[in-house]
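These notes are about the structure you will find just below.
Throughout, read-outs are computed from the coordinates displayed, never taken from laboratory work. For clarity, every value in this text was computed on a predicted model and none was experimentally measured. Backbone-built Cβ (ideal geometry, glycine too); neighbour counts: all protein chains shown.
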Amino acid sequence: MKNISTIFNQLLTIVPYYKFQDIVEEFKGDRYTKKFNSFHHFIVLLFAQLNENDSLRDIERPININKGKLQFFSLPEIRRSTLSEANNRRDYKIFERLFYIMLDKTIKLTPKHKFRFNNEIYSIDSTTIDLCLSMFDWAKFRKRKGAVKIHTKLNLSGNIPDFLTITDGKCSDIRALKENFNFMPDSIIVFDKAYIDFKWLCSLTQQKVFFVTSVLNQKL
């Protein structure tokens with residue numbers, strides 16, 4: 001059989017398989033599993049993410065068509081029922097732990113920018129994602145609109161997200177920041193005027209955290 005080295009195959013070779021298996025053992029992710037193991041599950045989820053599939057039906061057909069190109073991983077034929085059961089049964093913390101391993105590896109490999117700081121420097125911002133209110137009634141944002149917000153702490157040394165949290169669309173940027181984000185002393189954070197809260201800025205100073213922002217249209 002001719003070996004096929006696709007970009008997707010090359011992505012999978014970056015994943016530390018033995019570390020992943022240690023995580024699976026810790027969370028007993030393959031208990032009672034006969035064919036569709038945790039690594040197969042990860043392959044399918046990664047494929048679906050890169051292929052922008054948003055339903056089990058959308059995942060099933062293309063992954064089965066292309067699984068011949070993944071012969072090195074012995075991927076079985078995928079059924080919607082199998083994937084649905086795995087999504088419900090397998091602990092998400094397996095993939096969460098793998099994410100942090102890959103994040104740490106990525107940070108070490110990212111090229112550094114020309115600006116050099118002895119301090120860690122972060123950018124803080126949020127983005128709103130519109131949702132169909134009839135399907136996601138829990139995400140009510142306005143009278144006829146649903147939404148969630150993703151609040152992100154971006155490490156500017158390599159443009160890698162260091163932390164993010166998801167809230168409903170009504171949650172203010174400053175509230176999400178104060179409730180979820182932490183900063184080490186001597187770090188520098190950059191944010192816009194949506195995060196202006198003078199008591200919070202004072203607390204940053206007390207924690208020896210530096211900040212850069214704008215106070216346009218703010219009453220001092």
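About the Cα centre of the chain, how large is the charge dipole given +1 on each Lys and Arg Cβ and -1 on each Asp and Glu Cβ? Please answer in debye to the nearest 20. Kindly include the intermediate steps, with their values, before the conclusion.
Working: 35 positive and 24 negative charges, 60 e Å.
That gives the chain a dipole magnitude of about 280 debye.
Can you give the local net charge around residue 8? Use residues other than it whose beta-carbon is closer than 13 angstrom to its beta-carbon, Lys and Arg +1, Asp and Glu -1. Don't jump to the answer; show the numbers that get you there.
Working: positive: 67, 69; negative: none.
Combined, the nearby Lys, Arg, Asp and Glu give +2.
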**Prompt:** How many angstrom separate the Cα center of the range 166-210 from the Cα center of the range 121-148?
**Reply:** 20
**Request:** Please pull out the direction-averaged projected area of the range 7-108, using the convex hull of its alpha-carbon atoms, in nm² to one decimal place.
**Result:** 6.5
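What does the helix-only formula give at 222 nm for the chain: each DSSP H stretch with n ≥ 4 adding -39500 (n - 2.57), the total divided by the residues, and the result rounded to the nearest 500 deg cm²/dmol?
Values: 8 runs with 87 residues, N = 220.
After summing the helix terms and dividing by the residues of the chain, the value is -12000 deg cm²/dmol.
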**Fill in**
With T = 37 °C, eta = 0.692 mPa s and Kirkwood Rh from C-alpha pairs, the Stokes-Einstein D of the range 111-212 in µm²/s is about 220
**Request:** Run the quick spin-label model on residue 202 and residue 17: label points 7 Å from Cα toward the beta carbon, then report their separation in nm to one decimal.
**Result:** 5.8
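Going by C-beta contacts inside 10 Å, put 190, 209 in order with the fewest on the left.
If I rank by nearby Cβ atoms, fewest first, I get 190, 209.
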**Complete:** Expressed in nanometres to one decimal, the distance between label points 7 Å along Cα→Cβ at residue 45 and residue 107 is 2.1
**Coarse-grained scattering of the chain at q = 0.11, 0.15, 0.17, 0.19 Å⁻¹, given as base-10 log I(q)/I(0) from a Debye sum over alpha-carbon atoms** = -0.77, -1.16, -1.27, -1.36
